[in-house]
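Chemist: Pasting in a structure now, in structure tokens, and then I'll have a few things to ask.
The values are calculated or read from the model by the stated rules, or taken from the named source; none is laboratory data. Keep in mind it's a predicted model, so treat the numbers as computed, not measured. We place every Cβ from the backbone using ideal geometry, glycine too, and count neighbours over all the protein chains shown. SASA here: full protein model, heavy atoms, side chains in, ligands and nucleic acids out. Shrake-Rupley method; radii C 1.70, N 1.55, O 1.52, S 1.80 Å.
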Amino acid sequence: MKKYDVIIVGTGHGGAQAAIALRQNGFEGSILMIGRDREPPYERPPLSKEYLAGDKPFERVLIRPEKFWQEKGVELLLGQSVTKVMPEMFEVQLGSGDTLGYGRLIWAAGGDARRLDCPGAHLEGVHAVRDKRDVDALLADIEGGAKKFVVIGGGYIGLEAAAVLRKLDCEVVLVEALDRVLSRVAGEDLSRFYEDEHHRQGVELRLGTGVERLVGESRVTGVVLEGGEELPCDAVVVGIGIVPAVGPLIAAGAAAANGVDVSDTCHTSLEKVYAIGDCAAHANPYADGAVIRLESVQNAHDMATTVAKAICGDPQPYDAFPWFWSNQYDLKLQTAGLSLGHDETVLRGNPDERSFSVIYLKDGRVIAVDAVNRTKDYVQGRKLVEARAEIDPALLADTDTLLKDML
Ligand SMILES: Cc1cc2nc3c(=O)[nH]c(=O)nc-3n(C[C@H](O)[C@H](O)[C@H](O)COP(=O)(O)OP(=O)(O)OC[C@H]3O[C@@H](n4cnc5c(N)ncnc54)[C@H](O)[C@@H]3O)c2cc1C
């Protein structure tokens, strides 16, 4: 049985950055990265943006050129899943049945696209948007003539997919079970702005409505909503979140509730096993220490660096500043901080001018900023969040005063 100093499970943002950061921090041991994806590490955000739109070829989505991994002495095992972790023997088992030994294990397996749980969910023409294969299948449908789409889910992935589908001249109805889009991640001002924008761009919205079933023989031809309305379609895009991919860790006894629990250096409860990225539940200082999972490139990247430092003998607590972005149509949203638990919002600027920010407060202090086409507010607002600045809401709303001058 072969043994590696570090085995990384997952070749996404977290896994790739863990290998990069290990080498940057002087780690000279053997590294194996195992990934279910068949392609070398690639970025996920373009999958619902430029790659889906045909504006960025796959080579430009790779996290590093293919030869980089070999040059850095990082072995890749692609198209393989880790199905079992045996923590007492420091071994993992692959889908092929092979076992491999590890000195340290970094679990960076992200999440699986949540599937619809209703009749017809497995019909042909029902697409997730999680990996390259999902998006290639969706693109093949579009090339094959699919024109009418139902997008299920009004989170960032569903909204971004809807925006690109409109750009590709498809008809889109977007269905969201809650009464507004982005309700889990943003305040009402932002939700209403994006609803109006999608409406203006020709997306029909059905809010506050669940899906009862999908219909069709072998291929989907319609979506039946609760209440009975049937939306005819050629294909469906489902963007209803992820299920953390932590099955083998939980089976091995790792402490877990939502994803897998990690310490401030991203260590799990299993000896020599770390977890990072979308699947890692951690106490986040920007959420008052609440235990949360963040699904963002920033979080995957910075947790990977935290683990690399810990492995290289320089452990530092994970306290990276949270940030996020989303592109829809000509709108660039940039988010600084976490709005979780806010009790007040301030609108800065005019949404009708397509350049404004929403500032989130908790107990009178700035905890997050959503800036739409307003990079200056994002950059300067970040400083207010870092300082948890206590600022008069009327002043925050005053666009004649720069945010940086309020500190
Ligand atoms: C379409 C899309 C758009 C996004 N847009 C944005 C954005 O605009 N901004 C932003 O900040 N974030 C965005 N995100 C989120 C961001 O991409 C994720 O938060 C980030 O990829 C998480 O990194 P990760 O390493 O935890 O997981 P991932 O990048 O998902 O990587 C996990 C890897 O593990 C593999 N894997 C899973 N289980 C196993 C196993 N048992 N064995 C082997 N391999 C396994 C998977 O195949 C995958 O390659 C987007 C995500 C998607 C899907």
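Chemist: Is there a residue being under 25 Å from GLU353 (Cβ atoms), within 16 Å of the ligand (Cβ to nearest atom) and either touching a strand residue (DSSP E or B) at 6+ places or on another chain (Cβ under 9 Å) or among the charged types (D, E, K, R) (or both) anywhere in the stretch 201-213?
Modeler: So far as the stretch 201-213 goes, no, none of its residues is under 25 Å from GLU353 (Cβ atoms), within 16 Å of the ligand (Cβ to nearest atom) and either touching a strand residue (DSSP E or B) at 6+ places or on another chain (Cβ under 9 Å) or among the charged types (D, E, K, R) (or both).
Chemist: Working only within the stretch 141-176, note down all residues that are part of a strand (DSSP E or B), buried (at least 19 other Cβ atoms within 10 Å of the Cβ) and over 21 Å from the mean Cα position of the chain (by Cα).
Modeler: Residues satisfying the conditions are PHE149, VAL150, VAL172, VAL173.
Chemist: Hey, among LEU205, LEU138, which residue is outside any loop (DSSP other than H, G, I, E, B) and without any contact (Cβ under 8 Å) to a residue 60 or more places away in the chain?
Modeler: LEU205
Chemist: Regarding the stretch 40-47, can at least one residue be identified that is near the ligand (Cβ under 9 Å from one of its atoms), charged (D, E, K, R), within 21 Å of the chain's Cα centre (by Cα) and assigned to a strand (DSSP E or B)?
Modeler: Taking every residue of the stretch 40-47 in turn, none turns out to be near the ligand (Cβ under 9 Å from one of its atoms), charged (D, E, K, R), within 21 Å of the chain's Cα centre (by Cα) and assigned to a strand (DSSP E or B).
Chemist: If you don't mind, another one. Within the stretch 120-136, track down each residue that is away from the ligand (no atom under 12 Å from the Cβ) and open to solvent by less than 40 Å² (accessible area, probe 1.4 Å). Even if it seems obvious, please write down each step before you answer.
Modeler: Going residue by residue through the stretch 120-136, those that are away from the ligand (no atom under 12 Å from the Cβ) are 120-126, 136.
Correct list: GLY120, ALA121, LEU123, GLY125, VAL126.
Chemist: Could you check, for the stretch 149-167, whether at least one of its residues is among the hydrophobic types (A, V, I, L, M, F, W, C), more than 16 Å from the ligand (Cβ to nearest atom) and either without any contact (Cβ under 8 Å) to a residue 24 or more places away in the chain or on the phi > 0 side of the Ramachandran plot (or both)?
Modeler: Scanning the stretch 149-167 turns up no residue that is among the hydrophobic types (A, V, I, L, M, F, W, C), more than 16 Å from the ligand (Cβ to nearest atom) and either without any contact (Cβ under 8 Å) to a residue 24 or more places away in the chain or on the phi > 0 side of the Ramachandran plot (or both).
Chemist: Among the residues of the stretch 357-384, how many are without any contact (Cβ under 8 Å) to a residue 60 or more places away in the chain, open to solvent by less than 30 Å² (accessible area, probe 1.4 Å) and not in a helix (DSSP H, G or I)?
Modeler: The qualifying residues number 8.
Chemist: Please go through the stretch 91-119 and pick out each residue that is open to solvent by 30 Å² or more (accessible area, probe 1.4 Å) and in a strand (DSSP E or B).
Modeler: Across the stretch 91-119, the qualifying residues are GLU91, GLN93, THR99, ARG104, ASP112.
Chemist: A follow-up question, please. Note down all Cβ pairs under 6 Å where the first residue falls in the stretch 237-255 and is within 22 Å of GLU176 (Cα to Cα) and open to solvent by 50 Å² or more (accessible area, probe 1.4 Å), the second is charged (D, E, K, R) and within 11 Å of the ligand (Cβ to nearest atom), and they're at least six residues apart or on different chains.
Modeler: Partner pairs satisfying both residue conditions: VAL243/ASP112.
Chemist: Same structure again: Looking at (1) within 14 Å of the ligand (Cβ to nearest atom); (2) open to solvent by 20 Å² or more (accessible area, probe 1.4 Å); (3) not in a strand (DSSP E or B), find the lone condition where GLY313 falls short.
Modeler: Only one criterion is unmet by GLY313, namely (1).
Chemist: While we're on this one: Please name all residue pairs, on different chains or six or more residues apart, with Cβ atoms under 9 Å, provided the first residue is in the stretch 291-315 and is within 19 Å of ALA257 (Cα to Cα) and the second residue is more than 14 Å from the ligand (Cβ to nearest atom) and of a type in the set (Asp, Glu).
Modeler: VAL291/ASP261
Chemist: Within the stretch 56-69, is even one residue surrounded by 19 or more Cβ atoms within 10 Å (Cβ to Cβ) and over 30 Å from LEU333 (Cα atoms)?
Modeler: yes
Chemist: Quick check: anything in the stretch 333-349 surrounded by 21 or more Cβ atoms within 10 Å (Cβ to Cβ), polar (S, T, N, Q), modelled with pLDDT of 95 or more and assigned to a strand (DSSP E or B)?
Modeler: Within the stretch 333-349, one or more residues are surrounded by 21 or more Cβ atoms within 10 Å (Cβ to Cβ), polar (S, T, N, Q), modelled with pLDDT of 95 or more and assigned to a strand (DSSP E or B).
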